[in-house]
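> Here it is: the structure, laid out below.
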Amino acid sequence: MPVDILFAPMQGLTDVRFRRKHFAEVGGVKEYYAPFSRLERGRIRDKEKKDLLPQFNQGVPTVPQVIACNREEMARLCDSLQQMGWRRIDLNMGCPFPMQYHSGRGSGLLPHPDRVEAILEEMKQRPEVTFSVKMRLGLESSDECLGLLPLLNEAPLALITLHPRLGVQQYKGKVDLGAFESFYEGCQKPMAYNGDIRCVEDIARIVKHFPMLKAVMIGRGLMEHPRLGLEWMALQAKKEAYSKVCSMRV
């Protein structure tokens, strides 16, 4: 099964101008996740709304992302995006920046299954939208993601992207592949891996370890090496061709 490459959202970096340029001149990426949109005074901030205007994103496989602390915020964000014509929305449950998690958003949602459940219920009321979630192991404990598994397995999610660090770690320390595996084994939704991918060998190692992955999401690695997705596509094509030759010989 081919494994897709997703471009991770990076605040202040992967705006619409960057997405359009990378897609047109480089490619190798299945979807580009836009930096998260949040409410300010009850509505999406003008800067983020402009970044997601359909006319600017036309032709580029873009996924808008939202960050919310409760069902009400989620509903308002979805209403705004749907009014703009979006039918694909990702929920950020992984942002590790203290300002966000202290407000109960991003990874700050993970210790609160009641809030997560309410947000997932809001998703169920919008069958016309394809939802996904990007998350971390937890804010302070990897048990948090495991505690959310029953809710996530029942939710209308097309994809769960998991970064195997805690929110309080931000980007420090090593990723916890053991904790990722525990979640992976119990997850009934398609999954993507995110975290510390810098080269094709890193992608291959993760895919070999977790063969049922649908995608690998990369941020800093693609910023440093923009052709990484193309190199991964070339490697997969080479392996597929080799497999066909071997099957013909048999």
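The values are calculated or read from the model by the stated rules, or taken from the named source; none is laboratory data. Keep in mind it's a predicted model, so treat the numbers as computed, not measured. Ideal geometry is used to build each Cβ from the backbone, glycine not excepted, and the neighbour counts take in all protein chains shown.
> Looking at segment 53-98, which of the residues that are polar (S, T, N, Q) and either out of contact with any helix residue (DSSP H, G or I) (no Cβ under 6 Å at 6 or more places or on another chain) or over 25 Å from H112 (Cα atoms) (or both) is surrounded by the fewest Cβ atoms within 10 Å (Cβ to Cβ)? Write out each step before concluding.
Going through segment 53-98, the residues polar (S, T, N, Q) turn out to be 55, 57-58, 62, 65, 70, 80, 82-83, 92.
Going one step further and asking which of them are either out of contact with any helix residue (DSSP H, G or I) (no Cβ under 6 Å at 6 or more places or on another chain) or over 25 Å from H112 (Cα atoms) (or both), we end up with 55, 57-58, 62, 65, 80, 82-83.
On the way: Q55: 6, N57: 21, Q58: 9, T62: 24, Q65: 25, S80: 19, Q82: 14, Q83: 8.
Residue satisfying both the conditions and the ranking: Q55.
> Is one or more of the residues making up segment 83-102 over 20 Å from T161 (Cα atoms), among the hydrophobic types (A, V, I, L, M, F, W, C), touching a residue at least 40 places away in the same chain (Cβ under 8 Å) and in a helix (DSSP H, G or I)?
No, because not a single residue in segment 83-102 is over 20 Å from T161 (Cα atoms), among the hydrophobic types (A, V, I, L, M, F, W, C), touching a residue at least 40 places away in the same chain (Cβ under 8 Å) and in a helix (DSSP H, G or I).
Residue-by-condition table, conditions (1) touching a Lys or Arg at 6+ places or on another chain (Cβ under 6 Å); (2) among the acidic types (D, E); (3) under 21 Å from L137 (Cβ atoms); (4) in contact (Cβ under 8 Å) with a residue 12 or more places away in the chain:
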{"site": "G178", "(1), (2), (3), (4)": "no, no, yes, no"}
{"site": "Y184", "(1), (2), (3), (4)": "no, no, yes, yes"}
{"site": "D196", "(1), (2), (3), (4)": "no, yes, yes, yes"}
{"site": "M212", "(1), (2), (3), (4)": "no, no, yes, yes"}
{"site": "H225", "(1), (2), (3), (4)": "no, no, no, yes"}
{"site": "L228", "(1), (2), (3), (4)": "no, no, no, yes"}
{"site": "A234", "(1), (2), (3), (4)": "no, no, no, no"}
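> Tell me which residues, restricted to segment 39-52, are part of a loop (DSSP other than H, G, I, E, B), surrounded by 11 or more Cβ atoms within 10 Å (Cβ to Cβ) and at pLDDT below 95.
First, pick out the residues of segment 39-52 that are part of a loop (DSSP other than H, G, I, E, B): 41-42, 45, 52.
Then keep just the ones that are surrounded by 11 or more Cβ atoms within 10 Å (Cβ to Cβ); that gives 45, 52.
Scanning segment 39-52 gives a single hit, R45.
> Here is a further query. Mind checking which residues of segment 149-208 are more than 19 Å from the chain's Cα centre (by Cα) and in a strand (DSSP E or B)?
Selection gives nothing.
> Could you please tell me which pairs satisfy a Cβ distance under 9 Å, a separation of 6+ or placement on different chains, a first residue in segment 41-56 that is over 17 Å from G12 (Cα atoms), and a second residue that is assigned to a helix (DSSP H, G or I) and hydroxyl-bearing (S, T, Y)?
From residues that are over 17 Å from G12 (Cα atoms), the pairs are R43/S80.
> Sticking with this structure for a sec: From the list F7, F23, F18, pick out the single residue that is surrounded by fewer than 20 Cβ atoms within 10 Å (Cβ to Cβ), over 24 Å from H112 (Cβ atoms), touching a residue at least 24 places away in the same chain (Cβ under 8 Å) and of a type in the set (F, W, Y).
Working: F7 fails: surrounded by fewer than 20 Cβ atoms within 10 Å (Cβ to Cβ); F18 fails: touching a residue at least 24 places away in the same chain (Cβ under 8 Å).
One residue alone meets the criteria, F23.
> Of all residues in segment 99-124, which are more than 20 Å from the chain's Cα centre (by Cα) and either surrounded by 19 or more Cβ atoms within 10 Å (Cβ to Cβ) or among the charged types (D, E, K, R) (or both)?
Selection gives D114 alone.
> Taking segment 86-124 as the search range and keeping residues that are of a type in the set (K, R) and in contact with a strand residue (DSSP E or B) (Cβ under 9 Å, 6 or more places away or on another chain), which one is nearest to A68 (Cα to Cα)? Lay out the reasoning, then the answer.
Of segment 86-124, the ones of a type in the set (K, R) are 87-88, 105, 115, 124.
Retained after the next criterion (residues that are in contact with a strand residue (DSSP E or B) (Cβ under 9 Å, 6 or more places away or on another chain)): 87-88, 105.
Values: R87: 18, R88: 16, R105: 5 Å.
Among them, the one singled out is R105.
> Quickly run through segment 132-168 and pick out the residues that are acidic (D, E) and surrounded by fewer than 16 Cβ atoms within 10 Å (Cβ to Cβ).
Correct list: E140, D143, E154.
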